[in-house]
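Below is one structure, written out as structure tokens, with a few remarks after it.
The values are calculated or read from the model by the stated rules, or taken from the named source; none is laboratory data. Just so you know, these numbers come straight off a predicted model, no measurement behind them. Here the Cβ is made from the backbone with ideal geometry for all residues, glycine too, and neighbour counts use every protein chain on show.
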């Protein structure tokens with residue numbers, strides 16, 4: 001009878017960049033974006049810190065990739081939510097999807113609202129959510145020159161609420177937050193529609 005090697009059954013899977021990034025995202029979700037270090041990631045992967053440099057250049061590169069992937073994930077979600085909607089209805093749908101993402105992934109949402117580390121790659125990843133929002137603003141009747149300022153104003157209003165919520169600022173008011181957010185959304189959407197009507 002051939003003995004089964006104990007090392008073969010306990011051998012760690014070979015590291016690749018996707019495994020490194022997924023594990024880093026799990027650490028960010030659990031401990032926070034600022035708490036991520038190469039040492040903590042290596043410990044989580046049961047690997048040497050030096051092994052990580054085969055897959056990411058350094059901690060700054062790792063954090064940049066987390067920002068980019070988080071923005072890409074947000075883009076996928078808002079684009080999927082936007083399908084079949086337009087105008088004011090579409091803006092409401094996107095607004096609620098943004099909040100859902102921030103509540104599901106608060107630390108990754110925090111990461112994408114920090115200054116971009118790799119600006120070119122980050123804004124390439126942001127093309128999805130920007131386009132989804134622009135389509136909704138455009139279909140609400142705004143002229144092309146008003147799209148970006150209006151989209152930025154809507155995002156600023158929504159982000160103000162969402163960032164406070166995920167930071168726990170509204171502690172003890174959970175039963176009222178849906179109503180408050182709906183008022184924020186209604187105000188932002190109404191302002192956009194009124195601007196289109198006025199123009």
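General observations
- The condition (being more than 25 Å from residue 66 (Cβ to Cβ) and in contact (Cβ under 8 Å) with a residue 24 or more places away in the chain) is satisfied by just one residue among 125, 188, 111: 188.
- Yes/no for residue 189 being at pLDDT below 90 and more than 24 Å from residue 74 (Cα to Cα): no
- Selection of helices (runs of 4 or more DSSP H) fully inside the range 106-149 by the criterion of at least 1 residues being crowded, with 17+ Cβ neighbours inside 10 Å and over 15 Å from the mean Cα position of the chain (by Cα) returns 127-139.
- Residue check, residue 69 touching a helix residue (DSSP H, G or I) at 6+ places or on another chain (Cβ under 7 Å), more than 21 Å from residue 182 (Cα to Cα) and either part of a helix (DSSP H, G or I) or assigned by TED's automatic domain parsing to the domain that holds residue 147 (or both): yes
- Condition met for residue 153 (touching a residue at least 24 places away in the same chain (Cβ under 8 Å), surrounded by fewer than 19 Cβ atoms within 10 Å (Cβ to Cβ) and part of a helix (DSSP H, G or I)): yes
- Filter pass, residue 81 being buried (at least 19 other Cβ atoms within 10 Å of the Cβ), closer than 27 Å to residue 182 by Cβ and not assigned by TED's automatic domain parsing to the domain that holds residue 25: yes
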